[in-house]
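Have a look at this one before I ask anything.
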Amino acid sequence: MTRAVRTLPLLAAVALSGLSAQVSYCQAPSDTVQVHMVITNESLREGESVPVLNADNVQVKQGKTNLRVTHVLPAQGESAALQLFILIDDTCDPSIGNNLTDIRDFVGALPATTLVAIGYMSNANVQVVQDFTMDHAAAAKAVRLPRGNLSASDSPYLSLISIIKRWPQQKVRRQIIIVTDGIDRLRGTNQATNPFNTSTSANPRGGAMMRGRSTFGAGAGAGPDSMATISVDAEQASVLAQRTNVIVNGVYSPGVGRVGRNSWEAQIGQGGIGKIADETGGEYFALGFQNPVSFKPYLDRLQTIFNNQYFLVFEAFPKKKGGLQRVKISSNATTSEIAAADNVW
């Protein structure tokens with residue numbers, strides 16, 4: 001029987017006590033602070049090898065200022081610990097069924113250093129069907145068919161926010177794979193009466209994200225109850241994930257109902273999840289607005305990504321108040337690129 005998440009279990013902390021990343025810390029100059037994050041070294045073309053990263057070939061910029069990189073530690077060996085949460089939207093169409101075998105196979109083949117949990121998103125919350133465990137076979141068995149129905153408050157973004165807030169921070173990698181169409185049914189259909197409704201939300205990239213009901217002519221297929229643009233909760237989820245060093249990866253799967261069949265809504269939904277993945281240093285996979293024949297290529301790519309991650313430590317210049325600061329991370333390699341969060345706390 002599923003249950004709503006209150007707090008994630010202590011099992012993760014106990015099981016990871018011997019797997020915590022072994023990063024040694026040095027004293028930063030008095031006018032700087034040490035920043036810790038996870039980055040991924042990715043090949044530009046599928047199947048190509050990537051060079052090994054070290055403190056000499058990674059560059060970090062804060063504005064126009066080059067920052068001092070103190071550690072670039074591969075997430076391997078004693079530092080390979082990973083907490084992976086797989087979230088599946090209960091509004092997904094049951095036609096996803098054939099792809100659940102790919103998810104089960106992926107979970108069953110995870111390395112021993114990975115703790116995995118399985119949850120289902122509905123009603124702006126997450127129900128956990130498998131807490132964090134090293135028993136990957138048990139986690140694979142917990143993967144079930146989405147209910148394929150709607151609740152009063154379906155929002156993958158509020159569900160994502162709820163699980164991140166309840167996830168105890170530890171010095172290990174934390175990743176999410178979210179399977180959803182990304183459509184915010186809560187805000188898209190209840191804008192006039194939604195108690196969460198406000199006019200704008202700050203964007204770390206600059207500017208503001210619009211919120212509210214669209215009008216006719218706002219876009220092809222948009223109607224009076226359609227989202228005019230990406231849900232503001234996508235912005236809030238991205239900010240929270242970046243602040244807490246959670247990397248979000250997305251896989252598109254169509255949802256049920258007429259909204260799920262609407263290409264305008266699907267496009268906005270893909271934009272919301274894609275935005276979060278991009279800004280947190282993750283990946284987003286979609287094959288237009290349909291289910292792919294198999295999720296396996298996506299999941300294989302994600303495992304390759306997990307195998308090429310590093311813990312990065314650098315010295316940054318803080319502002320007077322804590323907040324997200326924009327950074328740009330790159331390497332001098334010509335055959336690969338670094339994926340990382342856009343902002344650090």
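Among the listed pairs 64/275; 61/320; 64/165; 171/320, give every one whose C-alpha distance is greater than 29 Å.
Too far apart for the 29 Å limit: 64/165.
Leaving out ligands, DNA and RNA, what percent of the accessible area of region 38-191 is carbon and sulfur, probe 1.4 Å?
Numbers: 2820 of 5900 Å².
The value for region 38-191 is 48 percent carbon and sulfur by accessible area.
Calculate what fraction, in whole %, of the accessible area of region 248-328 sits on carbon and sulfur atoms when a 1.4 Å probe is rolled over the protein chains.
In region 248-328, the share of accessible area belonging to carbon and sulfur is 53 percent.
Might you tell me the accessible area per residue for region 104-169, computed with a 1.4 Å probe and given in Å²?
Values: 2560 Å² over 66 residues.
Ligands and nucleic acids excluded, the result is 39 Å² per residue.
May I pose another question? Could you tell me what percent of the DSSP beta bridges with both partners in region 54-148 are antiparallel, to the nearest 5?
55
Okay, next question. All other residues with a Cβ under 10 Å from the Cβ of residue 123 taken together, and with Lys, Arg as +1 and Asp, Glu as -1, what is their net charge?
-2
Please compute the modelled spin-label separation between residue 240 and residue 166, points set 7 Å along Cα→Cβ, answer in nm with one decimal.
In this crude label model, residue 166 to residue 240 measures out at 1.1 nm.
The values are calculated or read from the model by the stated rules, or taken from the named source; none is laboratory data. The structure presented is a predicted model; accordingly, all values stated were derived computationally and were not measured. Heads up, the Cβs are rebuilt from the backbone with ideal geometry, glycines too, and the neighbour counts pull from every protein chain shown. Quick note on the areas: whole protein, heavy atoms, side chains included, nothing else; ligands and nucleic acids left out. Shrake-Rupley method; radii C 1.70, N 1.55, O 1.52, S 1.80 Å.
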